[in-house]
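Remarks on the structure that follows.
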Amino acid sequence: MKSEKRKKIFIYIGLTFLAVLMAVPFYWMLISSVKLNKDVFSIPMEWIPRSFHFENYQEIWEKIPLLTFFKNSTKLTVITTIIQLATSCFAAYGFAKMEFKGRDFLFLAYVTTIAVPWQVYMVPQFTMMSKFGLNNTHIGLIMLHAFSAFGVFLMRQFFLSVPKELSEAARIDGLGEYGIFARVVLPLAKPGIATLTIFTFVNVWNDFMGPLIYLNSTELKTIQLGIRMFISQYAADYALIMAASVCALIPVVIIFIACQKFFVEGVAASGIKG
């Protein structure tokens, strides 16, 4: 018993240390956002600022059109997340519950694309979008993120965990495939939906390269490109960068807190079968 208690104590000490270690960058970002620019990288580092400059949070809204960037990021993220959830759930249901020739091979081929780095097909993708006339548009970025092999894989794992007997009983009661999908399978996959929502939201919200390549107009740019505007050719205002970064982090934290209950269940259950 004593050895078990000691083991638990060491585990908790280790986990606490790791949690503090993970929190340090966020704390540094937070305190840097209320410092003067010259004090951000001061040596020795000031873990508690001598004076708090909350005017940095006012200045970031005045120096650049940050509200416009927030609106653009919110628009792209919400629409993309909804579309990706829909396409991933429909495709995953087909791969998990429908029987058709070549199903497993097609799924394997699709999931294998996860291993292909975006940089490999970035140039031909850009060329294709240019020919479609979708450069410098939000719809182009939305289309690029509309389908996700990872999302299909994740949701398929949840749908496989739903007993076939439930689907068969629903068919006997007269439900079609869409009815079974919407009324039986989908409600049982809430943890998976919450998990995919978090991953998709964070991925699209934090995307920098995509908007950098495809968006040229200032009125179309996202929050990540907006933060970059605090960096000039010869200098960078790191205090304002940190203040803007704190603001950009708020929606991600809200989404995580809202879906946290299902997120842990989702991560634990995503490898149940298959």
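The values are calculated or read from the model by the stated rules, or taken from the named source; none is laboratory data. These figures come from a predicted structure and were not determined experimentally. Cβ atoms come from the backbone with ideal geometry, glycine included; neighbour counts cover every protein chain shown. The protein model used for the area step is the full one, side chains on, heavy atoms only, and it has no ligands, DNA or RNA in it. Shrake-Rupley method; radii C 1.70, N 1.55, O 1.52, S 1.80 Å.
A dipole drawn for the chain from +1 and -1 charges on Cβ atoms has a positive end, and of 122, 89, 202 the residue lying farthest that way is 89. Residue ranking by accessible heavy-atom surface, 1.4 Å probe, largest first, among 218, 77 comes out as 218, 77. Ordering 17, 70 by accessible surface, largest first, gives 17, 70; the 1.4 Å probe counts only protein heavy atoms, with every chain in place.
How about the stretch 1-80: which trypsin sites (Lys or Arg not before Pro) there lie in a loop by DSSP and see at most 13 other Cβ atoms within 10 Å? Those that pass, being in a loop and sparsely packed, are 50.
Positive-end ranking of 158, 254, 37 along the dipole of the chain, with charges on Cβ about the Cα centre, is headed by 158.
On the chain, 69 percent of the accessible area sits on carbon and sulfur atoms, based on a 1.4 Å probe.
A Förster radius of 30 Å combined with the Cβ-Cβ distance from residue 45 to residue 13 puts the calculated FRET efficiency at roughly 0.75. Straight-line cross-link partners of residue 63 among the aspartates and glutamates, defined as a Cα under 18 Å from its Cα and at least 8 positions apart when in the same chain: 55, 219, 237. Mean residue ellipticity at 222 nm, helices only, the chain: -22500 deg cm²/dmol; runs of at least 4 DSSP H residues each add -39,500 (n - 2.57), and the sum is divided by the number of residues.
For the chain, the relative contact order works out to 32 percent when only alpha carbon pairs closer than 8 Å and six or more residues apart are counted.
Computed extension length for residue 206-residue 38: 57.8 nm, one decimal, from 0.36 nm per residue of separation with the Cα-Cα distance subtracted. Ranking 240, 134 by solvent-accessible area of protein heavy atoms (1.4 Å probe, all protein chains present), from largest to smallest, gives 134, 240. Annotation: lysines with alpha-carbon distance below 28 angstrom to residue 8 (same-chain offsets under eight excluded): 261. Dipole magnitude for the chain: about 680 debye, using +1 per Lys or Arg Cβ and -1 per Asp or Glu Cβ, origin at the Cα centre. Computed on the Cα trace of the chain, the radius of gyration divided by the Kirkwood hydrodynamic radius gives Rg/Rh = 1.05. The local environment of residue 81, defined by Cβ-Cβ distances under 14 Å, has a net charge of 0 under the rule Lys, Arg +1 and Asp, Glu -1. Here residue 104 and residue 219 are evaluated by their C-beta separation; at R0 = 45 Å the FRET efficiency comes out at 0.45.
Given a 1.4 Å probe and the protein chains as shown, residue 45 ends up with an accessible area of around 60 Å².
Excluding ligands, DNA and RNA, the accessible surface per residue across the chain is 61 Å² with a 1.4 Å probe. Based on Cα atoms of the stretch 101-193, Rg over Rh with Rh as the Kirkwood radius reads 1.11.
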